[in-house]
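Q: Have a look at this one.
The values are calculated or read from the model by the stated rules, or taken from the named source; none is laboratory data. These numbers were taken from a predicted model, which means no experiment stands behind them. No Cβ is skipped: glycine too gets one built from the backbone with ideal geometry, and neighbour counts run over all protein chains shown.
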Amino acid sequence: MKRLLWKLILPLTVISMMMFTKWWYALVVDGPDEIFTGFPFAFVCSGWHTSLSLQIFVLEFVGNLLTYFLIIFLLVYAIDRLIIKINVPKLVSIPLIVLSSLIVIPSGLVALNPDNIYYLKRDFDMEIKETGFKFVWQKQERPDFYKYHPEFKIETQTPKTVLRSDWIIKADSIDRETLVDHGQFLIDKYRVYRKFDFSDGLMILELEDADRETFITYGNSIYARDNKHIFDSRHGIIEQANLETFHVVHVEMEDGIMKFGKDKFNYYFWDEIVTDTIGFGLKTREITKAQQIEYN
């Protein structure tokens, strides 16, 4: 079995662990809703202190590695001893070793990211809501936030929305009969509008770049999207935002709510890229008792 260990079992362990895994959508106690990965234990998730970082749980990772190894070992052992003697030619072993090395090297570089945080084991509680299996090339859609947080769902107001006399309207041809207020955005039958506070009051402008048919808001927040762009209600298009992974982070504190945007690359305050969010990160559980909610 020693010859099979290096030529077959270890390479297959690495390849299978990196190519096929399990995802977990969980509600973290005193933290954001998060997607974890790992089988049979969730061992990694996004870092909460800065973008492009990870939280890695060492004991869970070791448990996963041993599980994959044991499954491959028992399978190879059973075939070799009970069915047919396994002889691994160089034509097979060399590509397997090369492929596993090509997986280990970039994974090691990701693991060496100085922004990553390592824990001996996960130090927070969470409630698992959804799980599933996936291959590495499959995209995992984030489950519906409102399914588990219905209290934050903003019901569409019924027309007609009354435009207040103290609002400063810089938009022509608003269809007042079909106008619907979505918090920081207004939508009528034909167009989309944004509103925001400034020194002289509340201003309403047409969001000219928005596609009316595909436009949706991120709840009652300053952010929205259509099929091509992410918007904030003050500046319009956020050019740097990643459309596929953008979502909104609300940090609820005793003195109010901080609202941020987040995608897989950056955090955003309005359209500005920021390195972290106030009360959102590693020290949140230690410094504040703020409840954090992250949603699509």
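Q: For Leu4, state whether it is more than 20 Å from Glu60 (Cβ to Cβ) and not charged (D, E, K, R).
A: For Leu4, the condition - more than 20 Å from Glu60 (Cβ to Cβ) and not charged (D, E, K, R) - is met.
Q: Same structure again: Of the residues Lys153, Lys160, Lys129, which single one is basic (Lys, Arg) and modelled with pLDDT of 75 or more?
A: Lys129
Q: Return only the number of the condition from (1) surrounded by 16 or more Cβ atoms within 10 Å (Cβ to Cβ); (2) at pLDDT 90 or above; (3) farther than 27 Å from Val28 by Cα that Met203 does not satisfy.
A: (2)
Q: For the range 268-279, does any single residue satisfy the condition of being touching a helix residue (DSSP H, G or I) at 6+ places or on another chain (Cβ under 8 Å) and at pLDDT below 85?
A: Within the range 268-279, one or more residues are touching a helix residue (DSSP H, G or I) at 6+ places or on another chain (Cβ under 8 Å) and at pLDDT below 85.
Q: For the condition small (Gly, Ala, Ser), touching a Leu at 6+ places or on another chain (Cβ under 8 Å) and modelled with pLDDT of 85 or more, what is the one hit in Gly261, Gly236?
A: The conditions single out Gly236.
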